[in-house]
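The values are calculated or read from the model by the stated rules, or taken from the named source; none is laboratory data. All values derive from a computational prediction rather than experimental measurement. Cβ atoms come from the backbone with ideal geometry, glycine included; neighbour counts cover every protein chain shown. All accessible areas refer to the heavy atoms of the entire protein, side chains included, with ligands and DNA or RNA removed. Shrake-Rupley method; radii C 1.70, N 1.55, O 1.52, S 1.80 Å.
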Amino acid sequence: GTAAASRKPARRKNLRSRFVTNYDRYLEPTSRTLVLSDVDGTILRGSLVLDHATALHEAGTIDLGDLPELWKQDSKNEALIVRLADSYKNAIVGHKASELRIREFIDGIVSDSSKVYSTLERLKGHQAAGHQVVLISGSPAYLVRPFASRFGFDAIGSRYHRTRSHHLTGRVTG
């Protein structure tokens, strides 16, 4: 044998211990029924993040050029969706979430019944039956959580990282 052949195989680290998150509470066994639902295109007729980007652009908070108008004209164009989402992510760098008119935006969505599908009523029915309803989305948690909380649902969204002074960095996980 060679030295390489006599080495023991490298031990695999327990990756789960490195990635303990607040999602773990949904993995604990309970007697409650868990109902999971996507938000964008399932509950909402649109996208939380892209609609928020458009609203901020129209309010003059951020400048996204002609992307919001192009997206409104062709909302299923995947390349355009990615460009608008990336532009939004870059445009909010340096802002605090508190500057992004989140409450006003969520109020507008919740108060306009034409922006939601009947899925929302079905989820409310599950909740009334005692089921735990969790909304899952790739949209930012700072949008998904307040939207979900309006209905008493839990939520998991993407994490838009912030500095210690709460300014958005442009880094996204989740």
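Tallying residues that are in contact with a helix residue (DSSP H, G or I) (Cβ under 7 Å, 6 or more places away or on another chain) and not in a helix (DSSP H, G or I) within the range 126-149 yields 6. Considering only residues of the range 29-65 that are β-branched (Val, Ile, Thr) and either closer than 14 Å to ILE92 by Cβ or open to solvent by 10 Å² or more (accessible area, probe 1.4 Å) (or both), which is modelled with the lowest pLDDT? Only one residue fits best here, namely THR30.
Taken over the range 98-113, the residue count meeting the criterion of being under 17 Å from THR42 (Cβ atoms), open to solvent by 30 Å² or more (accessible area, probe 1.4 Å) and either aliphatic (A, V, I, L, M) or at pLDDT 95 or above (or both) is 1. Could you please find all residues in the range 141-168 being of a type in the set (A, V, I, L, M) and under 15 Å from VAL116 (Cβ atoms)? Residues satisfying the conditions are LEU143, VAL144, ALA148. For the range 71-84: of the residues being part of a helix (DSSP H, G or I) and open to solvent by less than 60 Å² (accessible area, probe 1.4 Å), which is nearest to HIS126 (Cα to Cα)? Result: ILE81.
Test VAL93 against the stated conditions and say whether it is farther than 16 Å from ALA59 by Cβ, part of a loop (DSSP other than H, G, I, E, B), of a type in the set (Val, Ile, Thr) and touching a strand residue (DSSP E or B) at 6+ places or on another chain (Cβ under 8 Å). Against the criterion (farther than 16 Å from ALA59 by Cβ, part of a loop (DSSP other than H, G, I, E, B), of a type in the set (Val, Ile, Thr) and touching a strand residue (DSSP E or B) at 6+ places or on another chain (Cβ under 8 Å)), VAL93 qualifies. The residues of the range 84-115 that are charged (D, E, K, R) and over 14 Å from ASP51 (Cα atoms), listed by number, are LYS96, GLU99. In the set (1) on the phi < 0 side of the Ramachandran plot; (2) open to solvent by 20 Å² or more (accessible area, probe 1.4 Å), GLY152 fails one condition alone, (1).
Among the candidates THR173, THR163, the residue that is β-branched (Val, Ile, Thr), more than 18 Å from ASP38 (Cα to Cα) and either open to solvent by 10 Å² or more (accessible area, probe 1.4 Å) or in contact (Cβ under 8 Å) with a residue 12 or more places away in the chain (or both) is uniquely THR163. The C-beta contact set for the range 123-150 (first residue farther than 19 Å from ARG45 by Cα and of a type outside the set (Phe, Trp, Tyr), second residue assigned to a strand (DSSP E or B) and open to solvent by less than 10 Å² (accessible area, probe 1.4 Å), distance under 9 angstrom, 6+ apart or interchain) comprises HIS126/VAL133; GLN127/VAL133. Checking the range 86-95 against the condition returns no match, with no residue being over 20 Å from ARG162 (Cα atoms), surrounded by fewer than 17 Cβ atoms within 10 Å (Cβ to Cβ) and of a type in the set (A, V, I, L, M, F, W, C).
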